[in-house]
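Visitor: Below is one structure. I have some questions about it.
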Amino acid sequence: MAGDALNPRNPQDDRTRDDVVEAALGKLGLDTKTRLLAGQDMWTLPALPEIGLGSLVMSDGPVGVRGVRWTADDPSIALPSPTALAASWDPALARRAGRLLAQEARRKGVHVLLAPTVNLHRSPLGGRHFECYSEDPHLTGAIGTGYVQGVQDGGVGTTVKHFVGNDAETERFTVDSVIAPRPLRELYLAPFEAIVTNAHPWGIMTAYNQVNGTTMTEHRYLVNEVLRGEWGFDGYNVSDWMAARSTTGDILGGLDVAMPGPQTVYGPALAEAVRAGEVPESAVDDAVRNVLRLAARVGLLEGAPPAVTELPAATDGQALARELAARGFVLVRNENAALPLRTGPGTTLALSGAAARDARVLGGGSATVFPERIVSPLDGLTAALPQGALSFCVGADPSEELAPADTGFTLRAVCRDASGTVLGEGSLPTGQVQWIGDDLPAGATYETMASIEVTGTFVPRESGEHAFGTRGLGAFALAMGGEPVWGGVQLMGNEADPFEAFFGAPNERARTVLAAGEPVEVSLTYQVPDMTALPLKAVMFSLLHLGPRRPADELIAEAVAAARDADTAVVVVATTERVESEGFDRKDLELPGRQNDLVRAVAAVNPNTVVVVNAGSPVELPWRDEVAAVLLTWFPGQEGGAALADVLLGAREPGGRLPTTWPAAFADAPVTDVTPRDGRLEYREGLHIGYRAYEKAAVTPAFCFGHGLGYTDWTYESLEVTADVARVRIRNTGGRSGREVVQVYLAPVADPVERPASWLAGFASLEAGPGESVEAEIALPARAFEIWDEEAGGWRRVGGAYEVRASHSHADTRLTATLEIR
Ligand code: BGC
C-alpha cells in the first residue's frame, strides 16, 4: 500500500538504540529506575535530564487523541467507532486512520496512544463492544495491524489493549475470565499475536481482569512466556489504569509501568522490594530497558535515533473522518434499490428521530474525545438538500434519563477556597466535570480547593418542564435563577465502582417550568472532599438536564403526519450513553424508548422508509422486514451526518460489511450472560463465538457476518487455490464504480478434530469501475489450517480436504474449490 516504504525497520538503528539505552541504564541508580516505572501523574512518566530522557506522555485512544487534558478547550478529531473501522474490512484504511491519529498526537505532544482495543465481540452485551473491532480474530488482527502500523508510521507508539480476556465490563477490575487453552490461543490471543508479529507494536496494555486465576498485570506465563518469549514482543507493558496491585507480583509478571501515579505499587515500594531481596534488580533493569527503548523510538532519548524520521504527508482530519464514516456504513437491506435516494426538483424527505438532531457520534468512557464540531444527520442533510426539501421532527426520544447538560448551556467551572476566594476557572463543554490528577484549572489545587461551582446560562430549546439533577458522590447545592432549589449529599451505592461518578445512575433533583429562548442562570456547587489519603486525586461529577417530555404518542403522530406527505421518510434510531459505554454491560439489545413504535408507524404510511441505525453495536430491529432500507452507521464520528448525506444521496456508496453478526433476537446470541458467578466468568462456549456459534446452532441471524450491500453488482468469475493463496476474479456488473470485500472461508470437508464448521481465512477489498474485472490475491495464512494442541502445548496443522469458499458474506458463497492439505 501507499507509503509502506516510509521508515522501514533498520537493524542498525535498532542496535544503536539498544546501545544508547544500555548506556543510559548504566547511569541510573535503583531509586531513579523505580521512579521511572511509575506514572508521575495521570498520563506521564518523569523526565530524567541526567540521561537526556524527556517525559513520556500517553493518551486515549482509540477514535481520537484526547491529550492530557479532558476538556473541550483542546478539541480532537473524532473518527468513527472501532466497529465502524472494522466494518471497512480494509487494513490500508485503518492505516490511514492511524496516521491521522499520529498527526493528532504530535499536535498535542502525545508520544503513546492508548489504543487499539482488540478484545473480541464475545457477547453483544459487552459494554465496550463499540470500542472493539469484531467477533472474528483474523479480521480483528488485520484491522489492528493496519491501525498500529499507521500510528507508528507517524512516530507515535501504540498500546494494544486490553491483554487479554477483557471482553465484558461487569466486575471488570477483578473478574476471572476462565478460558480453556484452545479458545484462548485460537480466539482471544490471536489478534494480539497477529499484531505483534505483523506490526511490531511499541506497547501493550495489560487488563484489569484475571485469566484462569492470575491477574493479568502479574501473568508471568502470558506476558513473559507467550507475549515476549514466543512472539518476540520488545515493547513496553503498561498496566490498565489502576490495575497494578502488587509490587513483586507485577514486576515478576513482566509489567514495566504502573499507571497512573504518583502513588503506585512501583516507585519507592519497588526499590524497597529490591533492597529486601524480594525482587532481583535485573527485573527492574529489564523493565527500564523496555521503557527507554520506547522513549528512544519516539525520539525522547538523546543520542538515540527515533524510529521515524520521515513523517507521512499531512492528512485533512475532517475529510478523512467523513470518508471513513461512509466506508464503515453497512447497508443491510435495500429493497427495490430504495437507496441511493432518487431526488429531483420538488421531492421531499421527512427526517425523524432525536438522534437525527442530537447525533451520537462516539461511545462512552475513556474513548471519549471532544471534537471541534459535530455534523448531525439533520445538519448533513440540510446542507445537501435544496431548501424546503427537508422536514424534521423528533418522533421518539430515547433519552428518558437526565444526561450531562449540553445543548443550550454555556457553562464554566469556578474553583474556590474555603473562604470563597476564587482560585481558578475553566470553561466546560457540557455539565460534566472530570478532572483527573493535575488536570485542574490554573490556580486551583486539591489542597486549597474547597468547592467547585458549575455555573452559567441555559437557553431552553423548548418551553415546558425541565428537570435538573446530579451524578457523582458528595455534597451538592443546586440553584436556578439565583434561588436555591436543592441541596444534599449523594453517598456510594452498593456497587462500589471508583468510576461511579462517570457511569453511575443519574439523580433528578429539581423541576422547573422554562420558556423557549429565555435565558436562565444555573449553578451547581460541589463540596470538594478531603483527598489526602487517595492514591489518585480526581473530581468527577455532573450537572444533568432533561428537557420537557411531550407525550410519546403525540411525537409519533407528528412524525407520521410529516412522513405521509413526503417522498421518502428517514428515521434515525439510536442507543444512549446509558446503554453503550465503558464501565458496564448492556442488559438487552432493545432500542430504548418508543423508537420501534416510531419506525413501524412511519413505515405504515410511507413505503420508502429508510432507517438509519446509530448504535456502536448490535440492537434488535424487529421491524426490519417492514421498511425499504436499513443502514447501520455505528457511532460515525464527528462528520457522520455529512457522510450520511453522501451515502443517502449517492455521492458515495456505503462501503461496510458486518464485522459482527446481528442477531434477530437477543436470545439467539451465542453468549447472553456476562455476569460472573463468584467472581468467575467461564467462557463455556469454547471455540464457538460469533458466526461460528450461529452456524453450529443452525440459527439464522438478522444479518450475518460479512453482510453488506453497495450500490453496484458483482459477479464472482473464478477461484483458484493453493495451500498459500486464493485467487478470486470478480467483475463489476452494475452501472457504477464500487468496492467489494471478497471473503475467503475454509470449511473442513470431514473434520478429524473439533472445529467450527467454517471460518474466515482471508479477505480483500477491491475497487472496480462498471464492467471492469479485478483479481484479488488473498494469502491463506498457515495458522488458518492449525489448531492449538492442548496436550502438546503447540500449534498443529490439520491435514485433509477443505472446501475453500469465495464469498460475499458468511452466508453468501459465490464460488468453491477443494484443497487437499498435508
Ligand atoms: C480503560 C483503558 C484506558 C485507561 C486510561 C481505563 O479505565 O480501561 O482503556 O486506556 O482507563 O483512560
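The values are calculated or read from the model by the stated rules, or taken from the named source; none is laboratory data. Please read these numbers as outputs of a predicted model, since none were measured by experiment. Here the Cβ positions follow ideal geometry from the backbone for every residue, glycine too, while neighbour counts run over all protein chains shown.
Visitor: Scan the stretch 7-24 for residues that are of a type in the set (A, V, I, L, M) and crowded, with 16+ Cβ neighbours inside 10 Å and jot them down.
Guide: Answer for the stretch 7-24, where residues must be of a type in the set (A, V, I, L, M) and crowded, with 16+ Cβ neighbours inside 10 Å: VAL20, VAL21, ALA24.
Visitor: Name every residue in the stretch 40-68 that is more than 15 Å from the ligand (Cβ to nearest atom), of a type in the set (A, V, I, L, M, F, W, C) and surrounded by fewer than 20 Cβ atoms within 10 Å (Cβ to Cβ), in order of residue number.
Guide: If the condition is that a residue be more than 15 Å from the ligand (Cβ to nearest atom), of a type in the set (A, V, I, L, M, F, W, C) and surrounded by fewer than 20 Cβ atoms within 10 Å (Cβ to Cβ), then ALA47 is the only one that fits.
Visitor: Also, quick follow-up: Report yes if ARG600 is surrounded by fewer than 24 Cβ atoms within 10 Å (Cβ to Cβ), farther than 23 Å from ALA389 by Cβ and at pLDDT 95 or above, otherwise no.
Guide: Taking the combined requirement at face value, the residue satisfies it.
Visitor: If I ask for residues that are closer than 23 Å to GLN103 by Cβ and either within 13 Å of the ligand (Cβ to nearest atom) or surrounded by 24 or more Cβ atoms within 10 Å (Cβ to Cβ) (or both), which ones from the stretch 153-173 would you list?
Guide: Once the filter is applied, which keeps residues that are closer than 23 Å to GLN103 by Cβ and either within 13 Å of the ligand (Cβ to nearest atom) or surrounded by 24 or more Cβ atoms within 10 Å (Cβ to Cβ) (or both), the stretch 153-173 yields VAL156, GLY157, THR158, THR159, VAL160, LYS161.
Visitor: Out of the residues in the stretch 193-225 that are in a helix (DSSP H, G or I) and within 15 Å of the ligand (Cβ to nearest atom), which is farthest from ASP250 (Cα to Cα)?
Guide: Restricting to residues being in a helix (DSSP H, G or I) and within 15 Å of the ligand (Cβ to nearest atom), the top hit is MET216.
Visitor: Which numbered condition trips up LEU681, out of (1) buried (at least 17 other Cβ atoms within 10 Å of the Cβ); (2) over 30 Å from GLY213 (Cβ atoms)?
Guide: Failing condition for LEU681: (2).
Visitor: If I ask for residues that are buried (at least 21 other Cβ atoms within 10 Å of the Cβ), in a helix (DSSP H, G or I) and not hydrophobic (A, V, I, L, M, F, W, C), which ones from the stretch 25-39 would you list?
Guide: LYS33, THR34, ARG35
Visitor: Considering only residues that are within 11 Å of the ligand (Cβ to nearest atom) and farther than 18 Å from ALA667 by Cα, which ones fall in the stretch 110-131?
Guide: Correct list: VAL112, LEU113, LEU114, ALA115, PRO116, THR117, ASN119, ARG128, GLU131.
Visitor: Out of all the residues in the stretch 239-256, which are touching a Leu at 6+ places or on another chain (Cβ under 7 Å) and either more than 10 Å from the ligand (Cβ to nearest atom) or within 17 Å of ARG275 (Cβ to Cβ) (or both)?
Guide: Once the filter is applied, which keeps residues that are touching a Leu at 6+ places or on another chain (Cβ under 7 Å) and either more than 10 Å from the ligand (Cβ to nearest atom) or within 17 Å of ARG275 (Cβ to Cβ) (or both), the stretch 239-256 yields ALA244, THR247, ILE251, ASP256.
Visitor: Just checking, how many residues over the stretch 342-360 are in a loop (DSSP other than H, G, I, E, B), crowded, with 19+ Cβ neighbours inside 10 Å and modelled with pLDDT of 95 or more?
Guide: Residues meeting the conditions: 1.
Visitor: Ok, one more. Got a number for residues in the stretch 132-152 being within 14 Å of the ligand (Cβ to nearest atom) and in contact (Cβ under 8 Å) with a residue 60 or more places away in the chain?
Guide: Number satisfying all stated conditions: 0.
Visitor: Looking only at the stretch 550-587, how many residues end up being out of contact with any strand residue (DSSP E or B) (no Cβ under 8 Å at 6 or more places or on another chain) and farther than 30 Å from VAL674 by Cα?
Guide: Residues meeting the conditions: 9.
Results for (1) within 27 Å of ILE143 (Cβ to Cβ); (2) without any contact (Cβ under 8 Å) to a residue 12 or more places away in the chain; (3) among the basic types (Lys, Arg), shown as yes or no for each residue.
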position	(1), (2), (3)
PRO8	yes, yes, no
ARG15	no, yes, yes
ASP19	no, yes, no
THR34	no, no, no
ASP41	no, no, no
GLU50	no, no, no
SER55	no, no, no
GLY61	yes, no, no
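Visitor: In the stretch 69-95, how many are surrounded by 24 or more Cβ atoms within 10 Å (Cβ to Cβ) and β-branched (Val, Ile, Thr)?
Guide: Number of matching residues: 2.
Visitor: Between a residue in the stretch 579-598 that is under 15 Å from ARG624 (Cβ atoms) and more than 16 Å from the ligand (Cβ to nearest atom) and any residue that is assigned to a loop (DSSP other than H, G, I, E, B) and of a type in the set (A, V, I, L, M), which pairs come within a Cβ distance under 6 Å, given they are 6 or more apart or on different chains?
Guide: The qualifying pairs are LEU589/VAL619; LEU591/VAL619; GLN595/ALA396; LEU598/ALA396.
Visitor: Determine, yes or no, whether ALA413 is more than 16 Å from the ligand (Cβ to nearest atom) and closer than 30 Å to PRO82 by Cα.
Guide: So ALA413 fails the test.
Visitor: Yes or no: GLY98 within 16 Å of the ligand (Cβ to nearest atom), on the phi < 0 side of the Ramachandran plot and crowded, with 19+ Cβ neighbours inside 10 Å?
Guide: It is false that GLY98 is within 16 Å of the ligand (Cβ to nearest atom), on the phi < 0 side of the Ramachandran plot and crowded, with 19+ Cβ neighbours inside 10 Å.
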